[in-house]
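Student: The structure under discussion is supplied below as structure tokens; questions concerning it will follow.
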Amino acid sequence: MIPMQHFLVLSGILFSLGVYGVLARRSAVLILMSVELMLQAVSINFIAFAVYLSPEAFVGLIFAVFVIVVAAAEVGLMLAIVLRIFRNRGTANVDEVDLMRW
Amino acid sequence: MSVEEGVFYVIAAFTVVGGMGVVFARNVVYSALFLILALLAVAGIFLLLSAEFLALVQVLIYGGAVTILVLFALMLTRVQDMPAALDSPQKPFALLAALGVLSIFILAAVGTDWPGQTEQINAIPLRDLGDALFRTWALPFEVASLVLMVALVGSIVLARGEEGE
């Protein structure tokens, strides 16, 4: 049997890879791909907690379903916003989109 | 080491390789392809956690729809690919932050005294999941569908642009 900690450590690795990607990448699309990695890590955590710790209520499983729904909505909106920025500014590089910087 | 653990380590290795590919690849399209690998491997992890329904949804939505959208976004926002410009100058700090988060996670996962047992996976029947989703969590479920619709209509309006543009 696999102890739960294995899954938690795996999701921790995935999440920190996502953190690194969000901070180090410059392209908006690559940043959103890293955000997807972080969402995946969160889903793994939720499901692991649901099936190991509280199989009677399994709220974590339900929450993972909602994470997937919100991620799908987020990716659709991301595409629209990035396209919009690209059309207006000619770039998808987040360092150059500094309209609201003081 | 049992068979299950062996399978877990293989799939976990695929997941981590995919994730590293996403954040370290020098070509944006390779990044997207590594993302597909990572997402499918996570579906395997869901299967190991005996969440078959979520594994199926993962393959359908992430393996199909999300990666296609990401590839579209990459294709439509393509400027000249300059490998040097992919990463920002704050890379060392990003590495530091990621390592900090990782160490906190591992310490928390290993050090915490979890309530309940952490050795045995309790498979949750799909029937129970559906029951809970449509009885106990019916309202959040409907709100989620509303969120999805608003987001998709909003993205169509955003991406279409104004008249006469």
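The values are calculated or read from the model by the stated rules, or taken from the named source; none is laboratory data. Note that the coordinates shown come from a computational prediction; the quantities given were computed from them, not determined experimentally. Because the Cβ atoms are built from the backbone with ideal geometry, glycine has one as well, and the counts that use them run over all protein chains shown.
Student: Only one of these is of a type outside the set (A, V, I, L, M), loosely packed, with under 14 Cβ neighbours inside 10 Å, touching a helix residue (DSSP H, G or I) at 6+ places or on another chain (Cβ under 9 Å) and under 14 Å from A:Phe58 (Cα atoms): B:Gly161, B:Gly130. Name it. Outline the logic, then answer.
Tutor: On the way: B:Gly161 fails: under 14 Å from A:Phe58 (Cα atoms).
Just a single option satisfies the conditions, and that option is B:Gly130.
Student: Next up: Which of the residues that make up segment B:94-142 are over 24 Å from B:Leu48 (Cβ atoms), at the interface with chain A (Cβ under 8 Å from one of its Cβ atoms) and among the small types (Gly, Ala, Ser)?
Tutor: B:Ala94, B:Ala97, B:Ala98
Student: Just give me the residues in segment B:1-20 being among the small types (Gly, Ala, Ser) and buried (at least 19 other Cβ atoms within 10 Å of the Cβ), in sequence order. It would help to see each step written out before you state the result.
Tutor: At the first step, the residues of segment B:1-20 found to be among the small types (Gly, Ala, Ser) are B:2, B:6, B:12-13, B:18-19.
Passing the criteria: B:Ala12, B:Gly18, B:Gly19.
Student: A further question follows. Among the residues of segment A:26-34, are any outside any helix (DSSP H, G or I), within 7 Å of chain B (Cβ to nearest Cβ) and under 22 Å from A:Val82 (Cα atoms)? If you could, list the steps in order and put the result at the bottom.
Tutor: Within segment A:26-34, the first condition is being outside any helix (DSSP H, G or I), and the residues that meet it are A:26-27.
Checking the rest, the ones that are also within 7 Å of chain B (Cβ to nearest Cβ) come to A:26-27.
Adding the requirement that they be under 22 Å from A:Val82 (Cα atoms) leaves A:26-27.
Looking for residues that are outside any helix (DSSP H, G or I), within 7 Å of chain B (Cβ to nearest Cβ) and under 22 Å from A:Val82 (Cα atoms), one finds at least one in segment A:26-34, hence yes.
Student: Name every residue in segment A:1-25 that is among the β-branched types (Val, Ile, Thr), at pLDDT 90 or above and either within 16 Å of B:Val42 (Cα to Cα) or not in a helix (DSSP H, G or I) (or both), in order of residue number.
Tutor: Taking segment A:1-25 first, the residues among the β-branched types (Val, Ile, Thr) are A:2, A:9, A:13, A:19, A:22.
Remaining after also requiring at pLDDT 90 or above: A:9, A:13, A:19, A:22.
Within segment A:1-25, A:Val9, A:Ile13 meet the criteria.
Student: Here are B:Leu86, B:Leu69, B:Leu74, B:Leu54: which of them is at the interface with chain A (Cβ under 7 Å from one of its Cβ atoms), touching a helix residue (DSSP H, G or I) at 6+ places or on another chain (Cβ under 6 Å) and in contact (Cβ under 8 Å) with a residue 40 or more places away in the chain? Spell out the reasoning first.
Tutor: Numbers: B:Leu86 fails: touching a helix residue (DSSP H, G or I) at 6+ places or on another chain (Cβ under 6 Å); B:Leu69 fails: in contact (Cβ under 8 Å) with a residue 40 or more places away in the chain; B:Leu54 fails: in contact (Cβ under 8 Å) with a residue 40 or more places away in the chain.
On inspection, the qualifying residue turns out to be B:Leu74.
Student: Can you name the residue in segment A:82-92 that is at the interface with chain B (Cβ under 7 Å from one of its Cβ atoms) and touching a residue at least 40 places away in the same chain (Cβ under 8 Å) and, of all such residues, is nearest to B:Leu148 (Cα to Cα)?
Tutor: A:Val82
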